[in-house]
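Encoded as structure tokens, the structure appears first; notes follow it.
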Amino acid sequence: MHLRSSCNLKFEISEPTPFILMLRPRSGSQQWVEKEEFKITPSIPVFEFTDGYGNLCQRLIAPIGMFSIDTSSEVITSDYIDQGFDEPFVEIQNLPDAVLSYLLPSRYCESDFFNEMSMEITQGQYLGYNQVAAITDWLWDNISYIPGSNNQPISAIQVNTRKFGVCTDLAHLGIAMCRSLSIPARIVVGYLHELKPMDMHAWFEAYIGNRWYTFDATQVGNRGGYVVLGFGRDAADVAIFNQFGTPVYPIEQRVTVELIESSF
């Protein structure tokens, strides 16, 4: 699937404001970034670095006045997400070092509170992929996905109590339950083709059978069209922008994902 994704953000800045952005997709096992544009207006110095999760991030100080960020990428990604039923649980001692941090409780994923619940949901399932698939099915059946119902990240415990939330909320609860079963899990933020309503999107991945698999309790089936911007332990690690000082919110935010017709 050949996609063109874009994100346009506009701010009104009242005092010089430091920003950290995370709006550049990277090529990996599930996607290839063919073309990319990244424009800051007005033109100012930008310094790029790679964070501890391998995400491409940009540092800058936004000047007083109107300030905009316009990004666009052409990405080749999978038509369908891979499924791995019966792929096995990886024992802790055999996990790669870089994966170990995704076993631990984090700010929004209090996995140490969910073991009994997760064991009940996955009872009788083959250890590994089938457990995570059962968790994802449970989320679909029991937690209502309501876009726009929450403007701030909430924790897995809060999501489980409320029984509804945005995509990030469902991902947090799925991650917490996976980790409670000693299955590494991480949040992913990016874009999804034909997401309704169109906006940024979040889902989660679990490490099973010596690789990462994608799970999304907000969507039916295994359709593809996902464009990854970043990975992390939870929403605190994958904000598309962080600003410091006096709070600043976008006065305009627009996301688009279009299918590029093949010329062949």
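Results, tabulated for the structure shown:
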| read-out | value |
| --- | --- |
| Test result for Gly124, more than 20 Å from the chain's Cα centre (by Cα), in the same structural domain as Val220 (by TED's automatic domain parsing) and more than 22 Å from Ile81 (Cβ to Cβ) | yes |
| Criterion: surrounded by fewer than 18 Cβ atoms within 10 Å (Cβ to Cβ) and not β-branched (Val, Ile, Thr) - qualifying residue of Leu100, Leu139 | Leu100 |
| Residue identified as hydroxyl-bearing (Ser, Thr, Tyr) and touching a Phe, Trp or Tyr at 6+ places or on another chain (Cβ under 9 Å) among Ser14, Ser5 | Ser5 |
| Residue match in the range 210-232 (condition: of a type in the set (A, V, I, L, M), under 20 Å from Ser78 (Cα atoms) and in contact with a Cys (Cβ under 8 Å, 6 or more places away or on another chain)) | no |
| Residue match in the range 95-107 (condition: part of a strand (DSSP E or B) and out of contact with any Lys or Arg (no Cβ under 7 Å at 6 or more places or on another chain)) | no |
| Which listed residue is out of contact with any strand residue (DSSP E or B) (no Cβ under 6 Å at 6 or more places or on another chain), touching a residue at least 24 places away in the same chain (Cβ under 8 Å) and assigned to a loop (DSSP other than H, G, I, E, B), from Asp112, Asp86 | Asp86 |
| Hits in the range 54-90 (condition: surrounded by 15 or more Cβ atoms within 10 Å (Cβ to Cβ) and either at positive phi or acidic (Asp, Glu) (or both)) | Asp70, Glu74, Glu87 |
| Filter result (of a type in the set (A, V, I, L, M, F, W, C) and within 16 Å of Ala176 (Cα to Cα)) within the range 124-149 | Val132, Ala133, Ala134, Ile135, Trp138, Leu139, Trp140, Ile143 |
| Condition broken by Pro96, with the remaining ones in (1) out of contact with any Pro (no Cβ under 8 Å at 6 or more places or on another chain); (2) closer than 17 Å to Phe204 by Cα; (3) not β-branched (Val, Ile, Thr) satisfied | (2) |
| Top-ranked residue of the range 240-256 - restricted to ones that are of a type in the set (A, V, I, L, M) and over 17 Å from Phe38 (Cβ atoms), ranked as surrounded by the fewest Cβ atoms within 10 Å (Cβ to Cβ) | Ile251 |
| Residue match in the range 152-174 (condition: among the polar types (S, T, N, Q), at pLDDT below 95 and not assigned by TED's automatic domain parsing to the domain that holds Ser29) | yes |
| Residues (without any contact (Cβ under 8 Å) to a residue 40 or more places away in the chain and buried (at least 24 other Cβ atoms within 10 Å of the Cβ)) located in the range 155-165 | Val159, Gly165 |
| Test: residue in the range 203-217 that is touching a strand residue (DSSP E or B) at 6+ places or on another chain (Cβ under 8 Å), at pLDDT 95 or above and more than 21 Å from Glu87 (Cα to Cα) | no |
| Which listed residue, of Ser14, Ser29, Ser78, is farther than 30 Å from Tyr126 by Cβ and of a type outside the set (Val, Ile, Thr) | Ser14 |
| Ile44 being on the phi < 0 side of the Ramachandran plot and either outside any strand (DSSP E or B) or acidic (Asp, Glu) (or both) | yes |
| Any hit, the range 36-51, residues being hydroxyl-bearing (Ser, Thr, Tyr), surrounded by 11 or more Cβ atoms within 10 Å (Cβ to Cβ) and over 28 Å from Arg223 (Cα atoms) | yes |
| Cross-chain or 6+ apart pairs with Cβ under 7 Å, the range 187-211 first and surrounded by fewer than 16 Cβ atoms within 10 Å (Cβ to Cβ), then polar (S, T, N, Q) | Met198/Thr256 |
| Within the range 201-242, tally of residues that are touching a Pro at 6+ places or on another chain (Cβ under 7 Å) and of a type in the set (S, T, N, Q) | 0 |
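The values are calculated or read from the model by the stated rules, or taken from the named source; none is laboratory data. Note that the structure is predicted; figures quoted are calculated from it, not measured. So basically every Cβ, Gly included, is an ideal-geometry build from the backbone, and we count neighbours across all protein chains shown.
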